[in-house]
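Step one of this worksheet: look at the structure below.
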Amino acid sequence: MQKLLLSVDRVSTWIGHAFAWLILVLTLQISWEVFSRYVLNTPNAWAFDLMIMGYGAAFMMAGAYTLAKNGHVRGDVLYGFFPPRLQATLDLILYFLFFIPGVAALIWAGYTYAQESWAINEHSNITANGPPLYPFKMIIPIAGIFLMAQGLVEIVRCIVCIKEGAWPSREEDVEEVDVDKLKEMVNVKEPASAQADLSAMDHNRGNK
């Protein structure tokens with residue numbers, strides 16, 4: 001079971017990492033548009049549309065990845081003090097009350113929007129000769145499907161935690177930098193003067 005859960009985590013992680021490259025693409029695209037507009041005086045009418053679609057795709061496809069890393073916003077002021085079984089029970093209730101109906105509605109509505117967009121060969125009307133919208137709208141149900149799959153994995157994790165009293169492990173990913181761990185990894189030693197100061201401070205504290 002744990003292998004299956006981690007396999008879905010890996011898929012969500014891979015998708016999140018892949019679509020994260022859109023940030024670099026968008027940075028280059030916007031930089032080029034600024035250069036074209038203010039230096040070359042040749043703005044591109046489609047630049048604004050592509051910017052919206054790119055950011056929208058990155059945001060939508062990051063949903064499953066963020067859920068896999070337990071990174072969505074939560075009221076940790078109280079939640080963090082609860083024991084794992086109570087945390088899992090609350091999560092399980094909220095998944096069935098809000099998550100599953102909400103994501104199911106997202107998939108259904110997104111599929112409807114995408115189907116209609118494909119049927120009429122929809123293009124953006126924000127600017128003249130706008131780019132096609134149907135590929136972008138297809139992202140909505142696809143992102144919903146991946147999010148639902150990851151949500152089902154989280155539901156299983158909640159059930160396991162309720163039974164065993166501890167949260168199952170997750171797929172490892174990039175974490176925030178821990179300075180102490182980083183120093184240990186690269187074998188960084190404090191300068192002699194800094195060590196002497198620390199020793200003096202410890203000695204003074206002992207005398208007090």
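Entry remark, segment 69-86: residues being at pLDDT 90 or above and either hydrophobic (A, V, I, L, M, F, W, C) or under 21 Å from the mean Cα position of the chain (by Cα) (or both) number 1 in total. Hey, does segment 20-31 have a residue that's among the hydrophobic types (A, V, I, L, M, F, W, C), more than 23 Å from Val160 (Cβ to Cβ), surrounded by 17 or more Cβ atoms within 10 Å (Cβ to Cβ) and out of contact with any strand residue (DSSP E or B) (no Cβ under 8 Å at 6 or more places or on another chain)? Looking through segment 20-31, at least one residue is among the hydrophobic types (A, V, I, L, M, F, W, C), more than 23 Å from Val160 (Cβ to Cβ), surrounded by 17 or more Cβ atoms within 10 Å (Cβ to Cβ) and out of contact with any strand residue (DSSP E or B) (no Cβ under 8 Å at 6 or more places or on another chain).
Counting the residues of segment 121-146 that are among the polar types (S, T, N, Q) and touching a Leu at 6+ places or on another chain (Cβ under 7 Å) gives 1. Considering the conditions (1) at pLDDT 90 or above; (2) surrounded by fewer than 15 Cβ atoms within 10 Å (Cβ to Cβ); (3) under 22 Å from the mean Cα position of the chain (by Cα), Phe99 is excluded by exactly one of them, (2). Out of Trp14, Trp108, one residue alone is within 20 Å of Leu133 (Cα to Cα), assigned to a helix (DSSP H, G or I) and either at pLDDT 90 or above or of a type in the set (Phe, Trp, Tyr) (or both). It is Trp108. Pairs linking a residue in segment 90-109 that is closer than 25 Å to Gly80 by Cα to a residue that is assigned to a helix (DSSP H, G or I) and not charged (D, E, K, R), with Cβ atoms under 6 Å and 6 or more positions apart or on different chains, are Asp91/Cys158; Leu92/Cys158; Tyr95/Ile155; Phe99/Gly151.
For segment 74-96, give me each residue that is among the β-branched types (Val, Ile, Thr), loosely packed, with under 15 Cβ neighbours inside 10 Å and closer than 15 Å to Arg157 by Cα. Don't jump to the end; show me each part of the working.
Initially, segment 74-96 is screened for residues among the β-branched types (Val, Ile, Thr), giving 77, 89, 93.
Checking the rest, the ones that are also loosely packed, with under 15 Cβ neighbours inside 10 Å come to 77, 93.
Result: Ile93, single match.
Please work out if Met61 is closer than 20 Å to His17 by Cα and in contact with a Pro (Cβ under 9 Å, 6 or more places away or on another chain). Judged against the criteria, Met61 is not a match. Within segment 28-81, the set of residues being in contact (Cβ under 8 Å) with a residue 40 or more places away in the chain, assigned to a helix (DSSP H, G or I) and not aliphatic (A, V, I, L, M) comprises Phe48, Asp49, Gly56, Gly63, Tyr65, Thr66.
On the given criteria, is Tyr113 in contact with a Lys or Arg (Cβ under 8 Å, 6 or more places away or on another chain) and in contact (Cβ under 8 Å) with a residue 24 or more places away in the chain? Before you say what the answer is, go through the steps one by one.
Values: in contact with a Lys or Arg (Cβ under 8 Å, 6 or more places away or on another chain): yes; in contact (Cβ under 8 Å) with a residue 24 or more places away in the chain: yes.
Yes.
Restricting attention to segment 7-52, the residues that are of a type in the set (S, T, N, Q) and under 19 Å from Lys69 (Cα atoms) total 3.
The values are calculated or read from the model by the stated rules, or taken from the named source; none is laboratory data. For clarity, every value in this text was computed on a predicted model and none was experimentally measured. FYI the Cβ positions are ideal-geometry reconstructions off the backbone, even for glycines, and counts take in every protein chain you see.
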